[in-house]
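Below is one structure, written out as structure tokens; the observations come after it.
The values are calculated or read from the model by the stated rules, or taken from the named source; none is laboratory data. Remember, it's a predicted structure, so these values are computed and weren't measured experimentally. Neighbour counts are summed over all protein chains in view; Cβ atoms, including those assigned to glycine, are modelled from backbone coordinates with ideal geometry. Calculation scope for accessible area: heavy atoms of the full protein, side chains included, ligands and nucleic acids excluded. Shrake-Rupley method; radii C 1.70, N 1.55, O 1.52, S 1.80 Å.
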Amino acid sequence: MTSTPCSAIQSSHTHPAHCGAQRSLLLDLDGVLLDTRPVMQEAWHAVQQHHGIDLPFEQYEQHLGRPFNDIMRRLAVTDVEAVHQTYSEASKAFAHLARPFEGVEEVLHTLVARGWLLSVVTSKPLDRAAPLLAQLGCPFGSVRAAGGPGRGKPAPDPLLLALVDLCADPAQATFVGDMAVDHEAAQRAGVAYVHAAWGYGSPGTPVPPTAHAPHDLLQILGEGRHSGPFLEGSLL
């Protein structure tokens, strides 16, 4: 798809008179926008080698979406600061392995053209998230990443802060994620949720609307050519 190059991260300066009037879409990064599993696998392999950790990547992957330190606590990994440094350095070294999921870029540009506000809410630190988002060439009004104010997912804090950034109404917002912690964060924030089935995990309960491919999002969000009202009958 041909698109006009633009910054991956742009500040949102919504006029006060229009606050909450526009629909907004919050998106997780890993497993929703980009396939970063190869990057994470290499980074975890580096952790295994450098720190003598036997835990397979699949155990780490089960907790994706949570802050790194939270994952380490759940896996009973010690010396978390050193492990995090190793993981971060390896992630940057192998960032070139990440690829946008097919159709994601087109969907994002379609939504921007139709007046949607976009934000990324990720548990990845900004210094690792920003270069990946730059691949998408799409303007995001806000990026909430690990290391900022508030608690990480599944707490609602990063979603609510992203909505403040966008000057958006939770009632007009939807969060797209691929893990149960994403679903829980959306429920706690009072934001509609769509599960990205092309990602790495399963949703929580109750079962949310599910998109099996990025283009399904347009139909679910009421932006398909023959679609009905916005998430009709499926708002959480």
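Some points to look at:
- Degrees between helix 104-113 axis and first principal axis of the chain (Cα, 0 to 90, nearest 10): 40 degrees
- Applying 1/(1 + (r/R0)^6) with R0 = 45 Å to the Cβ-Cβ distance of Thr110 and Arg151 gives a FRET efficiency near 0.85.
- Probing with 1.4 Å while keeping every protein chain in the model, the per residue accessible area of the chain equals 46 Å².
- Relative contact order for region 112-236, counting Cα pairs under 8 Å that sit 6 or more residues apart, in percent: 16 percent
- Calculated FRET value between Ala197 and Ala76, using beta carbons and R₀ = 22 Å, to 0.05: 0.10
- Helix-derived mean residue ellipticity, 222 nm - over the chain, DSSP H n ≥ 4, -39500 (n - 2.57), to 500: -10000 deg cm²/dmol
- The chain - percent relative contact order, Cα under 8 Å, separation 6 or more: 26 percent
- Antiparallel DSSP beta bridges within the chain, as percent of all bridges there, nearest 5: 10 percent
- Orientation-averaged projected area, Cα convex hull of region 22-170 (nm²): 8.6 nm²
- Taking the 1.4 Å solvent-accessible surface of the chain as the whole, the part contributed by carbon and sulfur is 51%.
- Once the Cα atoms are used to define both axes, helix 180-189 deviates from the longest principal axis of the chain by about 50 degrees.
- 0 to 90° range, to nearest 10: angle between helix 80-93 axis and the chain longest Cα axis: 70 degrees
- Per-pair calculated FRET efficiency, R0 = 45 Å: His96 and Val164 via Cβ, rounded to 0.05: 0.85
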